[in-house]
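Here's the structure we're looking at; comments come further down.
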Amino acid sequence: MLKFVEKFRDNSETYKKSAPLKKDWININWGAREEEVKWLNSFSLEEGTKKHLRILLYGPAGSGKSSFINSVDSVCQNRITYPAAVSSSGDTWTTMYKTHQIQKGIARQYHPFVFNDVMGLEGIRGVREEDIKHAMQGHLKEGYKFNAKSPLQPSDEGYNKNPDRNDMVDILVCVVSANALPMMKDDTLNKMNVITTAARDYDIPQMAILTNIDETCPLVKKSITNVYKSKRIRRMMEELQSKLGIPLTNIFPLKNYHEEHDLNSDIDMLILKALRQIIQIANDRLNKAEGSCFYLGKECAPVVC
Ligand SMILES: Nc1nc2c(ncn2[C@@H]2O[C@H](COP(=O)(O)OP(=O)(O)OP(=O)(O)O)[C@@H](O)[C@H]2O)c(=O)[nH]1
Ligand SMILES: [Mg+2]
């Protein structure tokens with residue numbers, strides 16, 4: 001545990017200004033937005049598996065979890081939308097377990113994936129690790145109000161005793177702000193360690209998103225298309241890799257929509273790239289688990305499609 005925390009400790013020195021890379025270290029076709037949207041709109045789940053993939057976002061307060069849901073919804077609807085409330089102060093804003101469906105841009109047609117937004121991790125005022133474990137296993141009922149003082153108990157009203165596969169989480173996504181990464185507190189890191197270990201035990205795949213890249217690197221602030229030329233962003237991704245044990249290929253830097261009035265195809269591309277990988281990894285895992293009546297190490301009720 002201590003090792004995990006040590007690895008995350010104040011690394012602000014590491015992120016000092018340095019010359020940009022001459023070439024992108026990860027190739028990205030900035031002109032491929034329409035292709036990505038087409039892929040997304042044609043994506044469907046194998047028949048008889050689940051109604052939707054469930055994507056659970058967690059991370060420190062104010063890291064951009066709710067903003068990521070809004071950003072995905074905006075890209076999918078081709079206009080700026082705000083289905084999830086975002087914070088304007090330093091305190092954690094999301095306090096309720098809520099499922100967000102993403103509309104396809106056509107009324108009442110939804111993508112076969114949903115997001116769950118949870119309370120921020122921060123210290124004694126943040127979500128309890130036990131509740132994230134409950135969420136992964138599908139035990140949190142819709143509308144459950146997080147209580148930082150005590151986690152949900154099986155005898156509580158908000159506890160779903162018999163979750164089916166649609167309630168269970170298919171992928172866990174850690175959302176971290178590039179602004180906050182160098183100053184991450186020990187109690188937050190400890191919670192992350194407990195959560196990543198639990199996900200590993202449940203065999204739930206994990207990814208990470210690095211938000212606020214526009215605010216942490218002047219090069220990226222100038223143009224978002226410099227993201228893979230920025231050494232600072234690369235070092236942050238490498239740090240996340242070593243802390244969370246997530247391969248670099250599954251860590252996506254992006255900028256959420258937060259004050260814009262219009263979409264921007266470069267911002268969309270980074271959001272779409274991350275989203276595609278989330279969906280593909282979750283779907284691979286779902287297909288692999290198919291045929292087994294055990295899910296997340298537990299015997300579970302039949303699928304309700
Ligand atoms: N510049 C910039 N601001 C962002 C970005 N993502 C989120 N924000 C802003 O950061 C603040 C916090 O974002 P939220 O989406 O509410 O963060 P959260 O993780 O849901 O926070 P909690 O619900 O409190 O845990 C808001 O004011 C957002 O507008 C980003 O990529 N760039
Ligand atoms: Mg939130």
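Values in this text are rule-based calculations from the coordinates and carry no lab data. Because the structure is a prediction, the values reported are computed rather than measured. Virtual Cβ from ideal backbone geometry, glycine too; neighbours counted across all protein chains shown.
A compact table of results
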quantity: From K255, K231, residue being closer than 30 Å to L45 by Cα, in contact (Cβ under 8 Å) with a residue 40 or more places away in the chain and touching a Ser or Thr at 6+ places or on another chain (Cβ under 8 Å); calculated: K255
quantity: Residues satisfying the stated conditions in the range 80-98, i.e. under 19 Å from the mean Cα position of the chain (by Cα) and more than 11 Å from ligand 2 (Cβ to nearest atom); calculated: T81, Y82, P83, Y97
quantity: Yes/no for S42 being without any contact (Cβ under 8 Å) to a residue 60 or more places away in the chain, away from ligand 1 (no atom under 11 Å from the Cβ) and not acidic (D, E); calculated: yes
quantity: Options V194, V176; residue that is buried (at least 23 other Cβ atoms within 10 Å of the Cβ) and either in contact with a Pro (Cβ under 8 Å, 6 or more places away or on another chain) or in a helix (DSSP H, G or I) (or both); calculated: V176
quantity: Of residues in the range 48-68 being under 12 Å from D170 (Cβ atoms) and part of a loop (DSSP other than H, G, I, E, B), the one farthest from ligand 1 (Cβ to nearest atom); calculated: T49
quantity: Residue in the range 205-217 that is in contact (Cβ under 8 Å) with a residue 12 or more places away in the chain, within 15 Å of ligand 1 (Cβ to nearest atom) and surrounded by fewer than 17 Cβ atoms within 10 Å (Cβ to Cβ) present; calculated: yes
quantity: Q101 vs. criteria over 17 Å from A282 (Cβ atoms) and more than 16 Å from ligand 2 (Cβ to nearest atom); calculated: no
quantity: Flag for V173 being under 28 Å from K288 (Cα atoms) and more than 16 Å from ligand 2 (Cβ to nearest atom); calculated: no
quantity: Residue match in the range 66-73 (condition: of a type in the set (D, E, K, R) and either surrounded by 24 or more Cβ atoms within 10 Å (Cβ to Cβ) or over 25 Å from Q280 (Cβ atoms) (or both)); calculated: no
quantity: Long-range neighbours under 8 Å by Cβ, at least six apart or interchain, first residue on the phi > 0 side of the Ramachandran plot within the range 113-133, second of a type in the set (S, T, N, Q) and more than 8 Å from ligand 1 (Cβ to nearest atom); calculated: G123/T188
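Residues checked against (1) outside any loop (DSSP other than H, G, I, E, B); (2) within 14 Å of ligand 1 (Cβ to nearest atom); (3) exposed (fewer than 15 other Cβ atoms within 10 Å of the Cβ):
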{"position": "P83", "(1), (2), (3)": "no, yes, no"}
{"position": "T94", "(1), (2), (3)": "no, yes, no"}
{"position": "N116", "(1), (2), (3)": "yes, yes, no"}
{"position": "I124", "(1), (2), (3)": "yes, no, yes"}
{"position": "D164", "(1), (2), (3)": "no, no, no"}
